[in-house]
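Read-outs: derived from the displayed coordinates by stated rules, not from any lab. Note that this is a predicted model, so its numbers are computed, not measured. We place every Cβ from the backbone using ideal geometry, glycine too, and count neighbours over all the protein chains shown.
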Amino acid sequence: MIAWNLILALVWCALWGSFEPATLAVGFLVGLLLLGLLSRRGVIGKVRYVRKVERAVAFAAFFLWELVLANLEVALQVLRGPKALRPAIVRVPLILDTDEQITMLATLVTLTPGTMALEVSEDRKAIYLHTMHLPKGGAEEFRRTILQGFERRVKEMVEP
Amino acid sequence: MRQWIASGLLAFGTVFTFLAAYGVLRLPDSLTRMQATSKATTLGIGSVMLAVAFAFDDVAVRTKAALVVLFLFVTQPIAAHLVARAAYRSGAPLWEGTVADELGEDSEDSGGPASQREP
């Protein structure tokens, strides 16, 4: 389905006579809109592609926001010095089952500063994360934020 | 206008990268120091590259800036994870203010923390 989306974007560019990235992006969006409309009307059958793109975009926005927030937090931490630190290594249960999903989670968690993936248990049931600042609610609260934030979103994105 | 935005982003990115370097000196143990260094490559380099994309009105430059960010985002977490894991496994001491070490507790059942196990 992504191939159709790209073809539509290229047709759009050809019609405008310009292959600038901005034109391509608009073409992609218009194509996406069309595919969504056609799939809703049942012309091309139910398509999961549009919802998947929606979810991916929502996830990217969520992630960028987390990234900026976490960066500011860690910058403050560095300025305040070791006194403000509450480092801890916490075991977070995994609700993801494939290696790819676990890799994705570990990468995202490590990309947001303040948390870092340290180890995955051999049975793949838990991931050990290092955090610079354990929240007031202790390890339980930290587990909850990861489970409901990153893990849930990764799972949502890969599942139909 | 565009030059102003680019300058702002450049200054922002530089401050972040500087803070990361400062964090390496200031923070107490290898794991927290790794945290500080991994920060520079996300928001710091990210905003410097965004500044580049703003400053140059050239598709080729902008594509390259986007690719730099993409490659960093793909490789940086792996490097950070590997260094941190190697540090932990080779028994680099955790800072005394560390609140919890559930990995150490769990591996005690199977022969103690990695740092105390026979090689």
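Here's the yes/no breakdown for (1) touching a strand residue (DSSP E or B) at 6+ places or on another chain (Cβ under 7 Å); (2) without any contact (Cβ under 8 Å) to a residue 12 or more places away in the chain; (3) more than 21 Å from B:A79 (Cβ to Cβ):
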{"site": "A:A60", "(1), (2), (3)": "no, yes, yes"}
{"site": "A:L67", "(1), (2), (3)": "no, no, no"}
{"site": "A:P93", "(1), (2), (3)": "yes, no, yes"}
{"site": "A:G114", "(1), (2), (3)": "yes, no, no"}
{"site": "A:A117", "(1), (2), (3)": "yes, no, no"}
{"site": "A:R144", "(1), (2), (3)": "no, yes, yes"}
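Of all the residues that make up segment A:6-56, how many are assigned to a loop (DSSP other than H, G, I, E, B) and farther than 24 Å from B:A65 by Cβ? It would help to see each step written out before you state the result.
Initially, segment A:6-56 is screened for residues assigned to a loop (DSSP other than H, G, I, E, B), giving A:17-20, A:41-48.
Checking the rest, the ones that are also farther than 24 Å from B:A65 by Cβ come to A:17, A:41-48.
Residues in segment A:6-56 being assigned to a loop (DSSP other than H, G, I, E, B) and farther than 24 Å from B:A65 by Cβ: 9 in total.
Exactly one condition in (1) more than 14 Å from chain B (Cβ to nearest Cβ); (2) in contact with a strand residue (DSSP E or B) (Cβ under 9 Å, 6 or more places away or on another chain) is not met by A:P135; state its number.
Of (1) more than 14 Å from chain B (Cβ to nearest Cβ); (2) in contact with a strand residue (DSSP E or B) (Cβ under 9 Å, 6 or more places away or on another chain), only one is false for A:P135: (1).
Tell me the residue from B:T42, B:T98 that is assigned to a helix (DSSP H, G or I), buried (at least 19 other Cβ atoms within 10 Å of the Cβ), within 8 Å of another protein chain (Cβ to nearest Cβ) and not aromatic (F, W, Y), please. Walk me through it before giving the result.
Details: B:T98 fails: assigned to a helix (DSSP H, G or I).
Matching residue, one of B:T42, B:T98: B:T42.
For residues in segment A:75-113 being part of a helix (DSSP H, G or I) and under 18 Å from B:L94 (Cβ atoms), which is farthest from the other protein chains (Cβ to nearest Cβ)? Break it down stepwise before answering.
Looking only at segment A:75-113, we keep the residues that are part of a helix (DSSP H, G or I), and these are A:75-80, A:82-84, A:99-111.
Narrowing the set further to residues that are under 18 Å from B:L94 (Cβ atoms) leaves A:77, A:82-84.
Working: A:Q77: 8, A:P82: 5, A:K83: 9, A:A84: 10 Å.
Per the stated criteria, the residue is A:A84.
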